[in-house]
2 protein chains.
Amino acid sequence: MNFREIADARQSCRSYDAGREVEREKLTRILESARLAPSACNGQPYFITVCRGETAKSVADACTGMGMNKFASEAPILLVISEMPYNKSAALGSKLKGNDYRSIDIGIVTAYITAEATAQGLSTCILGWFDDKRIRELCGIDRPVRLVVTLGYAKADDKLRNKKRKDLSELVSEK
Amino acid sequence: MNFREIADARQSCRSYDAGREVEREKLTRILESARLAPSACNGQPYFITVCRGETAKSVADACTGMGMNKFASEAPILLVISEMPYNKSAALGSKLKGNDYRSIDIGIVTAYITAEATAQGLSTCILGWFDDKRIRELCGIDRPVRLVVTLGYAKADDKLRNKKRKDLSELVSEK
């Protein structure tokens, strides 16, 4: 798939085939591509915890509440993306410029994860609603969780939807 | 190019062929792919200002200082990525969860821009060091600038470098 095909095909999947496992080589490929993501001062200020089985079920449960994300328990894998410290130069730049580079970097690596997953025929959903404290306990991590990504094969009836986006004229201007 | 090839080929380019323009159709393709990026609650909380010519030179100048980013003036295009307001549901979620979704979304859209540019044979560098106030004046935008992306063709002698990244064992664990 070329990148446009990936961008078109990627959509938030909320209907997983719970019985279909993700092949180890596809998971590895996704993580290897994520590793290549750029970050401010190459700080790579993130960590990925791959959750399967009972841990995945418990993390999925920690993503529910207020009617949110009930589908997450069907996904065979949940990727927990937590933050890691800045390196010194990124920390200094962030302070001087008042810019949250770490969150930007976490966005970039998540785009890489979801793009490579799509290229591998897998489906994802990026979750920003979760119980940080509980997931930290489940995963044994001591730094804030920033995103959770569900990963698996979509059910056969989960069709590609039209994307609703701003028109280019609302998104872009030229100077 | 498949996504791994894109991830391998994308690198921060600091040596542009100043005389080689970016074709209009390639720029459009990049912006169209950026438009497809996912964001929290589909809020798309960003705006892209495409700067060319004298505006690009002035924006490049506003990215220098303390020895940084001198190469930016060689790039024929600078993309200024500024933030836009959250939509209501993303704003509420961000407040309740203390998570900076907007910066994450800006990271995702920037990953889309640099990935599609790479697929089109173009080179980029993501700049986080710039004079926000001055770029706002130059671009006529009233909201904070978050990133500037240089865009153009690399000079022929700008070879692919090896990427220095954490080992997968430092980036990933399994639960």
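Under the membrane-span-like helix rule (DSSP H runs whose alpha carbons stretch at least 15 Å along the helix axis, mean Kyte-Doolittle hydropathy 0.5 or higher), chain B yields B:101-119.
Projecting the Cα atoms of A:Phe3, A:Tyr46, A:Gly98 onto the charge dipole of chain A, computed from C-beta unit charges around the Cα centre, puts A:Gly98 farthest toward the positive end.
Each of the peptides B:56-66, B:16-26, A:113-123, A:61-71 was scored by the mean count of other Cβ atoms within 10 Å over its residues; in descending order, highest first, they stand as A:113-123, B:56-66, A:61-71, B:16-26.
For the pair segment A:1-33 and segment B:1-38, the centres of their Cα atoms are 22 angstrom apart.
Per residue of A:109-119, other chain Cβ atoms within 10 Å of the residue Cβ number 5 on average. Using the Cβ of B:Gly128 as centre and a radius below 9 Å, the other residues enclosed give a net charge of +2, where K and R count +1 and D and E count -1. Per-residue shielding of A:4-13, expressed as the average number of other chain Cβ atoms within 10 Å of the residue Cβ, stands at 4. Its Cα centre serving as origin, chain A has a Cβ charge dipole (Lys and Arg +1, Asp and Glu -1) of approximately 360 debye.
With no solvent and one point per C-alpha, what does the Debye sum give as log10 I(q)/I(0) for segment A:1-79 at q = 0.11, 0.14, 0.15, 0.25 Å⁻¹? Here log10 of I(q) over I(0) equals -0.39, -0.63, -0.72, -1.25.
For A:Asp17, the distances from its label point to the matching points in the remaining copies are 4.5 nm, ordered from shortest, with each point set 7 Å beyond Cα toward Cβ. With the largest listed first and rounded to whole Å, the semi-axes of the equivalent ellipsoid of the protein assembly as shown from the Cα gyration tensor are 33, 21, 20. Here A:Leu168 yields copy-to-copy label distances, from shortest upward, of 3.8 nm, the label point defined as 7 Å from Cα along Cα to C-beta. Cross-link pairs exceeding 31 Å in C-alpha to C-alpha distance, out of A:Lys97/B:Lys57; B:Lys26/B:Lys88; B:Lys88/B:Lys164; A:Lys70/B:Lys175; A:Lys164/B:Lys175, comprise B:Lys26/B:Lys88; B:Lys88/B:Lys164; A:Lys164/B:Lys175. For the rotation carrying B onto A, the chain B residue whose Cβ lies nearest the axis, with the distance in whole Å, reads B:Gly107, 1. Only helices enter the 222 nm calculation for chain A: every DSSP H run of n ≥ 4 contributes -39,500 (n - 2.57), and dividing by all residues gives -11500 deg cm²/dmol, rounded to 500. Restricting the calculation to Cα atoms, segment B:87-175 yields a radius of gyration followed by a Dmax of 17.5, 50 Å. Cβ crowding within 10 Å ranks B:Arg102, A:Arg4, B:Arg35 as A:Arg4, B:Arg35, B:Arg102, fewest other Cβ atoms first. Converting the Cα gyration tensor eigenvalues of segment B:3-156 into ellipsoid dimensions via √(5λ) gives semi-axes, longest first, of 26, 19, 13 Å.
Each Lys or Arg adds one and each Asp or Glu subtracts one; over the other residues with Cβ under 11 Å from the Cβ of A:Asn2, this totals -2. Taking a sphere under 14 Å around the Cβ of A:Asp158 and counting the other residues whose Cβ falls inside, with K and R at +1 and D and E at -1, yields a net charge of +3. Sorted shortest first, the separations between the A:Pro85 label point and its copies elsewhere in the assembly read 3.9 nm; each point sits 7 Å from Cα along the Cα-to-Cβ line.
In terms of the mean number of neighbouring beta-carbon atoms within 10 Å, the peptides A:124-132, B:160-168 order highest first as A:124-132, B:160-168.
Quick note: the coordinates plus some simple rules give every number you see, no bench work behind them. Treat the numbers as computed from the prediction; the structure is a model and nothing was measured. All Cβ positions, even for glycine, are placed from backbone atoms using ideal geometry, and neighbour counts span all protein chains on display.
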